[in-house]
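Worksheet: one structure, shown below.
The values are calculated or read from the model by the stated rules, or taken from the named source; none is laboratory data. On a predicted model such as this, the values are computed, not experimentally measured, just so you know. Neighbour counts are summed over all protein chains in view; Cβ atoms, including those assigned to glycine, are modelled from backbone coordinates with ideal geometry.
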Amino acid sequence: MNEKEVLKVFKAENALLTGHFSLSSGLHSPNYLQCALVLQKPKVAEKLCKGLARQLKGVKVDAVVGPALGGVIVSYELARALKVRSLFAERPEGTFCLRRGFSIKRGERILVVEDVITTGKSTYEVIDLVKSLGGKVVGVASVVDRSGGAAVFETDFHALLRINVKTYRPEDCPLCRERRIPLTKPGSRRS
Ligand SMILES: [Zn+2]
């Protein structure tokens, strides 16, 4: 799948909106990305993760690990495509750990996955967890990379879609200044 095809899927599922949005961070943006909307349909999630798996051809993977909640579906679908185990890491108290009997054997080749990588912070933390358990991180994969190149890993980083979602402080927002598009708060709509 090329980026154009992926973008088409996002738009078809209303997962990437264009307009003037007030984000939960308080910042304003001309775009709104909600990856959960492309993953809510198993067929779409499967198709996207198959596309991501194709980018990983030749990489030997024993298991896939993603941080909960965002990485759970991607971990599962990617594991299905790669025919390996799917694990997820949780953060009950500040730091990520494996629970529910999940384990990584020493030397196992682990792919760390996410739905969206913004700063890469939780991905770095899962990488540290995998290493602390004796696993070997063989790559990072995400459906979307919106880090704008800021998320850099010591392994290859595969993403289906690399987009730069611009954000502005309300007082600096050009869309507020233009007053052409009313400000909306996605996710707060009840319909
Ligand atoms: Zn604005």
### Summary
The residue that is nearest to LYS57 (Cα to Cα), considering only those in segment 182-191 that are within 16 Å of the ligand (Cβ to nearest atom) and either under 25 Å from the mean Cα position of the chain (by Cα) or part of a strand (DSSP E or B) (or both), is PRO186
### Task
Find the residue count for segment 1-47, including only residues that are within 20 Å of GLY70 (Cα to Cα), more than 16 Å from the ligand (Cβ to nearest atom) and not hydrophobic (A, V, I, L, M, F, W, C).
10
### Task
Go through segment 155-175 and count every residue that is loosely packed, with under 14 Cβ neighbours inside 10 Å, modelled with pLDDT of 95 or more and part of a loop (DSSP other than H, G, I, E, B).
2
## Note on the structure
Of the candidates GLU154, GLU90, the one satisfying the condition of being more than 16 Å from the ligand (Cβ to nearest atom) and either touching a strand residue (DSSP E or B) at 6+ places or on another chain (Cβ under 7 Å) or hydrophobic (A, V, I, L, M, F, W, C) (or both) is GLU90
### Task
Could you tell me whether segment 25-44 includes any residue that is hydroxyl-bearing (Ser, Thr, Tyr), surrounded by fewer than 20 Cβ atoms within 10 Å (Cβ to Cβ) and closer than 21 Å to THR184 by Cβ?
yes
### Message
Tell me yes or no: at least one residue of segment 164-181 is away from the ligand (no atom under 16 Å from the Cβ) and closer than 19 Å to SER24 by Cα.
### Response
yes
### Query
Can you name the residue in segment 65-83 that is closer than 16 Å to SER122 by Cα and free of Cβ contacts under 8 Å to residues at least 24 places away in the same chain and is also surrounded by the fewest Cβ atoms within 10 Å (Cβ to Cβ) among such residues?
LEU69
### Query
Only one of LEU52, LEU48, LEU7, LEU78 is within 30 Å of ARG177 (Cβ to Cβ) and in a helix (DSSP H, G or I); which?
LEU7
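Table: residues versus (1) of a type in the set (Ser, Thr, Tyr); (2) touching a residue at least 60 places away in the same chain (Cβ under 8 Å); (3) farther than 16 Å from VAL137 by Cβ.
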{"position": "PRO42", "(1), (2), (3)": "no, no, yes"}
{"position": "GLU46", "(1), (2), (3)": "no, no, yes"}
{"position": "GLN55", "(1), (2), (3)": "no, yes, yes"}
{"position": "ARG85", "(1), (2), (3)": "no, no, no"}
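Yes/no matrix, rows are residues, columns are (1) closer than 16 Å to LEU69 by Cα; (2) aliphatic (A, V, I, L, M); (3) assigned to a strand (DSSP E or B); (4) more than 13 Å from the chain's Cα centre (by Cα):
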{"residue": "ILE104", "(1), (2), (3), (4)": "no, yes, no, yes"}
{"residue": "GLU114", "(1), (2), (3), (4)": "yes, no, yes, no"}
{"residue": "THR123", "(1), (2), (3), (4)": "yes, no, no, no"}
{"residue": "ASP128", "(1), (2), (3), (4)": "no, no, no, yes"}
{"residue": "LYS131", "(1), (2), (3), (4)": "no, no, no, yes"}
{"residue": "GLY134", "(1), (2), (3), (4)": "no, no, no, yes"}
{"residue": "SER142", "(1), (2), (3), (4)": "yes, no, yes, no"}
{"residue": "ALA150", "(1), (2), (3), (4)": "no, yes, no, yes"}
### Query
in contact with a strand residue (DSSP E or B) (Cβ under 9 Å, 6 or more places away or on another chain), modelled with pLDDT under 95 and surrounded by fewer than 17 Cβ atoms within 10 Å (Cβ to Cβ) - does that describe any residue in segment 120-130?
no
